[in-house]
Amino acid sequence: MSATIDFYLTQAEKCTAEAETSPLNQVRDRNLRAAAAWQAMADKLLHSERLRAEKEQLAAAAAKG
């Protein structure tokens with residue numbers, strides 16, 4: 001996992017924790033939206049990295065035989 005994915009996941013966790021401790025509805029909602037956005041960025045990057053790794057494996061297999 002790349003440092004960027006770790007950063008995104010850390011930010012999502014931070015926003016979720018802040019949402020859970022906030023007594024204000026608007027602040028809680030804002031933090032939940034931010035957590036969802038950070039998680040979506042991490043998911044998208046992780047998916048892209050998996051596709052890239054699969055493509056590299058296929059290219060290596062094709063080069064071998």
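What follows draws every value from the coordinates through simple rules; no lab data is involved. If you're wondering where the values come from, they're calculated on a predicted model, not measured in any experiment. Ideal geometry is used to build each Cβ from the backbone, glycine not excepted, and the neighbour counts take in all protein chains shown.
Quick look at the values:
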| item | result |
| --- | --- |
| Helix 3-21 axis, angle to the chain major axis (alpha carbon atoms, nearest 10°) | 20 |
| The chain - charge dipole about Cα centre, Lys and Arg +1 at Cβ, Asp and Glu -1, debye rounded to 20 | 220 |
| All lysines inside 26 Å of Lys64 as judged from Cα atoms, apart from same-chain residues fewer than 8 positions distant | Lys55 |
| Relative contact order %, the chain, counting alpha carbon pairs below 8 Å whose residues are six or more apart | 35 |
| Kirkwood hydrodynamic radius (C-alpha pairs) into Stokes-Einstein, the chain, 25 °C and 0.890 mPa s, D in µm²/s | 182 |
| Phi-based couplings in Hz for the range 58-65 (Karplus 6.51, -1.76, 1.60; Gly and Pro marked x) | 5, 5, 5, 5, 5, 6, 6, x |
| Theoretical ellipticity at 222 nm over the chain - DSSP helices of four or more residues, -39500 (n - 2.57) apiece, nearest 500 | -32500 deg cm²/dmol |
| Hits among lysines - C-alpha to C-alpha of Lys14 under 24 Å, sequence gap 8 or more where chains match | Lys44 |
